[in-house]
Structures are given as C-alpha cells and as structure tokens.
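The values are calculated or read from the model by the stated rules, or taken from the named source; none is laboratory data. The model shown is predicted, which means the values in this text are computed figures rather than measured ones. A quick note on method: Cβ atoms are made from the backbone with ideal geometry, for glycine too, and the neighbour counts reach across all protein chains shown. Side chains are part of the model used for accessible areas, which takes the heavy atoms of the whole protein and leaves out ligands, DNA and RNA. Shrake-Rupley method; radii C 1.70, N 1.55, O 1.52, S 1.80 Å.
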Amino acid sequence: MTDGELWLPRPDAVETTNIGRFGQWLSRREERDLTSYPALWQYSVEHLRPFWGAVWEHFGLGGTVPEHRVLADEAMPDTVWFPDETFNYARAVLTAPGVGEEDVIVRAYSDTREPVEWTLSDLREAVARARAGLVAHGVRRGDRVAAWMPNIPETFALMLASASLGAVFSSCAPEFGAKAVLDRFAQIEPKVLVAVDGYKYGPKSIDRTADLKRVVRGLEGLSASVTLPYLGSGEIEGETWDRFCSYDEGVAFEPLTFDHPLYILYSSGTTGLPKAIVHSHGGMAIEHAKMHSLHHDLGVGDRFFWYSTTGWMMWNYLMSAPIVGAGIVMFDGMPDPAGMWRLAEESGTTFFGTSAPFLMACRSRGIKPREEADLSKIHGIGSTGAPLPAVGFDYVYEQISATAQLQSLSGGTDLCTGFIGGAPTVPVWRGELSCRCLGADVQSFDPEGHPGIGREGELVIASPMPSMPVGLWGDPLKHRYRDTYLTDFPGIWRHGDWITITERGSAVISGRSDATLNRGGVRMGTSEFYAVVEAVEGVADSLVVHLDDPGQDRLLLYVACADGVELDEALRGRITAALRQQLSPRHVPDEVRQVPAIPRTLSGKKVEVPVKKILKGVKPEEAIARDALANPEALKSFLR
Ligand SMILES: CC(=O)CC(=O)O
C-alpha cells in the first residue's frame, strides 16, 4: 500500500460486493463499463434519471419506471421524484427481503433492562399493535406522532406503525429537557405522544416524569399521551404502553406518494427554533437502500450497529437496514469505551458505526478494542458526527481491526444520510473520506460558484437527491427552505461545511461554515443555549463556541453579566444546572468565562464564527471586518 492507503478493496470486489454486482448489472443494462467506482459515480450524477430508476428497481422498491417519470422536475426545492409510484416505507422495512419470519431482526441492549431480541414476526406484531393503538386515538394520514423515547425496539415499532398509516413520526431522546422537547414538538402539534418514564444512564436512574408532565401540558391539540414504564418509576402519564398496544389488528399499509412525509427531524440553526425538516417515504427508502447495500455492503446475515439516540438522524438511518435484509443492533445507555466493543462481539455486529469523538475518546483512554473483544466479524467501521482526524484512522487500523473498511461519513440531518463516505471498491486513505457517494453531486465551490479540485471551498450538492427534504414544517411556501439551503448559490444546495475534493476523488471536510455546534455527534443550536443561559438571573448576554479540533474538543460559554454582577461559583452553577436540566447533559460547557461584552454585528447578530476563528489563532482583522461590528472592542476578550 502506498500514499496513505490504509485499506484496499479486495481484488475480486466486482464479483463479491453489492456495489460490484450492481455495477455489473448496470453496465449490461446501459451497455457501458460502470464497474469502476469513478465511472459509476460520474454516471450517477450525470444521468440522474436512469441511475435512480435503477436503484429503485434493483432494491425492489418498485418496478421499472420510465426515465421521465423518475425525475419529473429537477428544480430544487420543488423537485418531483417518482410522481406515479405508490409506496409505503413501513412496508419496505417489514418486507426485509431474505429474512425469515423467525429470524432475529432486532437485537437491543440497554442500561435500563435486559437485552431484547425480536424476530421479524415479533416486529410485525409490535407494529400491528402500536398501529391499532394509534388508530384507536384517531390518528390518520398526515397526523403527527411524537416519541420522547430511547433507542429501543418499541420506538422502532411506533415509527413503522405511524408510517404504515401515513402519519408523520418525530422523536426526541429522553435526555432532552422539557424545553428542548417543547421547542421541537410544539411546532408540529402531535396528536399522540409516547414517552418513557425515565431511563438508566450507566448505573444512574433518571426519572423524567416531572418533565413529562410539563411536556404534555405544553402540547396543544394532543389527543393522548402514552407512557412506557421503562424505568419503572410507578408514574404513568395518560395510558400505559401495554394498554395502548393491547389489540393486534394486523398491519396494513396506506398507499402513499413517494414524497409523502415520513418523519420530521430537527436541525438547530443559529437563530430561532430548531428547523423541523420533513423527510419522505420514498426519499428515505431509496437513499438508505443505496447507502446500506452499495456503500456499507450490508445484506442478509449482517448486523448493523450505529451508536445513536433517537434525537440524531443516525437513528433513522439505522432503522432502514431491513430494507436490504440486514438486522439492526440497538443500544440505549452510556457508551462505555471498552464496553461498546464487547457489545459488538456479543451482538455479532458486522458493521460498527459510531461518532468520531467516541473513537478519539477510546484512543485517548488507551483502549485496545481488539484485545477487549473478538471483532473478527466486523467488515465495516463507520465514523461520523465530526471529521475523524488522521490519528483516528491509525487508531482504527492499529487497535480495532486491520481488515475492516473504515468509512468516515459526512452528511447530516438535512438529507438524513451521508453523502460523502466510503465504498467497498474504493481504498481508504488516511484522514480522508474515500469518495462522494453515488448520486451525490457534491462539489467544492469558490465564492463565485465555480467548482474546484484540490482546494477548500463551500460544500454544495449541485444536482437534486431524492432524500432532500420535502419541506420544513410550518414553511408552506418554502421561504425558509430556500433561505437556508438555496440562496447563496441560487438553485444549488449549500450545505454549510468546508470541503476539499482531492485529485483521486476523496474528500476532506474542514468544519462547519456556519456556527452550528456538534458535540459527540449531536447537533446543538446556539440559539438553544442562549434561550436557557440568558434566562438565568444575572446573565446579560452570552456566546457559545465549540472548538472541535483534534485533541481540543471544548465547548466554551462566554457570558456578559448584568451590571454589578460577577460570574462567581454560584452563578456558574445556576447556568450549568439550567443547561443540564432544560437541554441535556451534553449541553453543559467545559468552561464558562466572563467577558465585558459579546461582539455583535451592526444588525445585532452575535459573531460566533469569527470568534471561533480568533480563538483558533486567526487574526481578528482576517476573521471579521471591524466595520461590520457594532462593538469591535468586544473582540479583545477573545484574543490569545
Ligand atoms: C452523516 C452525518 O453527517 C451525521 C452528522 O454529522 O450529523
């Protein structure tokens, strides 16, 4: 191996991997050689219609679709995909091709209870029961179903039950505080809320019943609340899960359009409430089938694990694995660095996904996963949530597995997928994401909108993808949608990351080009912090910065105090307690520092990105023009 190569495709990858076989099939059909990754990728972005039509057909999501009906309108954000198809995501998941009724499809581990295994037939029955519960509460096509639930099989069943009816599902993790939950769910006005009473995180029991009462009170238009007594606190809000699931009336699937809303995810911007991003049945199924089979090489016999909570899009991504016949491994609890590898062995995981910070934490604690557990079944290791530094790549190959393919994946909530990652027919290069994914026309744009290779630029997606959101909730005319993604380079998706695409087709992501925070793979909007911090008595203004460089992962909170107030230990304590309770323990900063004033632009916006650059050593005059600031002297506090 040369030139930073850490892993090479098998010489027979064209015959032995899903993507290799797909490339051969497509080559025959298109009468051209599409077996090499660069040829296949180029084709996939230059010939969107036949490419996505082939994916749809190849995975049995539907039959042959005439090319002009695969993509009937290309213009983002009103792109029209597969307008004549009738589809239901829940049916695609429960079809689980190649999986027998009595085969285990879900293995679930938890700090709160003993491991659970569900066969495909158990999953179908659980979906049927949850579906009957939803119907009994009047849930119909288009209604919203909210889950404040952990990563456990019941949440999966509820999501599929909601999808089977054409209702729209949305989840928050139980660690989210009542305010964070209400900021999300109040926007979408759910008809039914299902929640747990609490959970264990490691040995610690966390009772959520007081917050659950607040959430229920805060949700207008709720017809029913249902409590799963997961912790066993004895407190039930509304109906019990067992009662809710007491009828089995079988599963039926509403025939829906490709773009029918499936679920709503949340992405925190820097202003206002979190964006409620609506994803479609067809978009999720086709994109996840492509990723799971062609990129992660998953199929029947595989067990797919990705450490996630229900508050992160990787949960939704994981739940699609049965579409390609793969089983799912779930974990709810504290991700103990050594314990997770033992769980991988115990569960028979074949693809282990996690966040880059988790891998780096294992490394810095000196964990040697290959000595902790037998990891020989793992053929793929996924890393996302933040760019994995080159030393993280070394760690994976030295201490985890010398043979697994490491796929550093980048994408996000907005498309509920990774669109830069790896493929079994592409090498792994140290510190790089191996390739742009199929059908993802990812480019690095200079400020004038010219694509370039070998230099950093704005990450854009120049052609539509079926997993782009069908809308943002509460934005019927798509104004916020356009403003968020499509105005900087008119009609082209700007993602908000810095990217360099290399000559060999790999990529390096150098960080967010906006100020959204991302800690341990969990996106945190700065506005959420401010709403909580600035409500604490004595705080006048605040600014939060995530320094996410390798070896320097620190969340810093700066506060300007009210007149006559000093940031003493008591105030510090009140701020961190408020963040922990109202948002989550992940929102608690590593340091809280006092500054005389928070720098703001003339239009009053806090200058988060320039402050972050200054903290990283960029000269203030290069970080921001003084003239753009209402109070330029405020920058002094951030100079090194
Ligand atoms: C795939 C991803 O990009 C996940 C994330 O960082 O949110």
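What's the carbon and sulfur percent of the stretch 404-447's accessible surface, probe 1.4 angstrom, rounded to a whole number? Provide the component values of the computation, followed by the final result.
Numbers: 270 of 630 Å².
Roughly 43 percent of what the probe reaches on the stretch 404-447 is carbon or sulfur.
Looking at the chain, the accessible area is 37 square angstrom per residue; that uses a 1.4 Å probe and ignores ligands, DNA and RNA. Positive contributions from Lys and Arg (+1) and negative ones from Asp and Glu (-1), summed over other residues with Cβ under 10 Å from the Cβ of Ser121, come out at -4.
For the stretch 118-255, pairs of C-alpha atoms spaced more than 23 angstrom apart make up 27 percent of the total.
Please give the calculated 222 nm ellipticity per residue for the chain, where each DSSP H segment of at least 4 residues contributes -39500 (n - 2.57) and the sum is spread over every residue; nearest 500 deg cm²/dmol? That comes out to -8000 deg cm²/dmol. DSSP beta bridges in the stretch 297-408, what fraction antiparallel, as a percent rounded to 5? If we restrict to bridges inside the stretch 297-408, about 0 percent are antiparallel. The heavy atoms of Phe87 present about 10 square angstrom of accessible area, all protein chains included, probe 1.4 Å. Applying both filters, DSSP loop and at most 13 other Cβ atoms within 10 Å, to the trypsin sites (Lys or Arg not before Pro) of the stretch 332-393 gives Arg365. The amide H of Asp541, built 1.01 Å from its N in the peptide plane, has Ala560 as neighbours under 5 Å, considering only residues 5 or more places off or on other chains.
Nearest 5 is fine: what % of DSSP beta bridges in the stretch 359-441 come out antiparallel, could you say? Mind showing how you got there, number by number?
Details: 5 of 9 bridges.
Counting only bridges with both partners in the stretch 359-441, antiparallel ones make up about 55 percent.
What ratio of Cα Rg to 2.2 N^0.38 Å holds for the stretch 297-408?
On the way: Rg = 12.9 Å, N = 112, 2.2 N^0.38 = 13.2 Å.
Expressed relative to 2.2 N^0.38 Å, the Cα Rg reads 0.97.
For the chain, what is the convex hull volume of its Cα atoms per residue in Å³?
Details: hull volume 97.9 nm³, N = 640.
Enclosed volume per residue, from the Cα hull, is 153 Å³.
Where Lys and Arg each count +1 and Asp and Glu each count -1, what net charge lies around Thr240 among other residues with Cβ under 14 Å from its Cβ?
Values: positive: Arg129, Arg243; negative: Glu154, Asp197, Glu235, Glu237, Glu239, Asp242.
That works out to -4.
Summing +1 for each Lys or Arg and -1 for each Asp or Glu among the other residues whose beta-carbon sits under 12 angstrom from that of Val192 gives +1.
Taking all protein chains as shown and a probe of 1.4 angstrom, Ser506 keeps an accessible surface of around 0 Å². So, in Å, what gap is there between the alpha-carbon centers of the stretch 442-499 and the stretch 401-434? That distance is 21 Å. Using a cutoff of 8 angstrom between alpha carbon atoms and counting only pairs six or more residues apart, the relative contact order for the stretch 71-205 works out to 23 percent. Across the stretch 297-408, Cα pairs under 8 Å and at least six residues apart give a relative contact order of 25 percent. Share of carbon and sulfur in the accessible area of the stretch 516-638 stands at 49%, probe radius 1.4 Å.
For the stretch 334-373, the share of alpha carbon pairs falling in successive 10 Å distance bins from zero is 30, 62, 8 percent.
Report the antiparallel proportion of the DSSP beta bridges in the chain as a percent, rounded to a multiple of 5. Intermediate values should be presented prior to the final figure.
Working: 58 of 100 bridges.
Percentage antiparallel, nearest 5: 60.
Sequence gap at least 6, Cα distance under 8 Å: using those rules, report the relative contact order of the chain to the nearest whole percent. Present the calculation step by step, with values, prior to reporting the outcome.
On the way: 1438 pairs, mean separation 83.1, N = 640.
The normalised contact order for the chain reaches 13 percent.
For Met334, the residues whose modelled amide H falls within less than 5 Å of its own, excluding neighbours fewer than 5 places apart on the same chain, are Asp111, Gly202.
So which of Lys179/Lys200; Lys204/Lys275; Lys606/Lys636; Lys613/Lys636; Lys179/Lys612 end up more than 23 Å apart by C-alpha? Kindly include the intermediate steps, with their values, before the conclusion.
On the way: Lys179/Lys200 21 Å; Lys204/Lys275 32 Å; Lys606/Lys636 15 Å; Lys613/Lys636 13 Å; Lys179/Lys612 27 Å.
Over 23 Å Cα-Cα: Lys204/Lys275; Lys179/Lys612.
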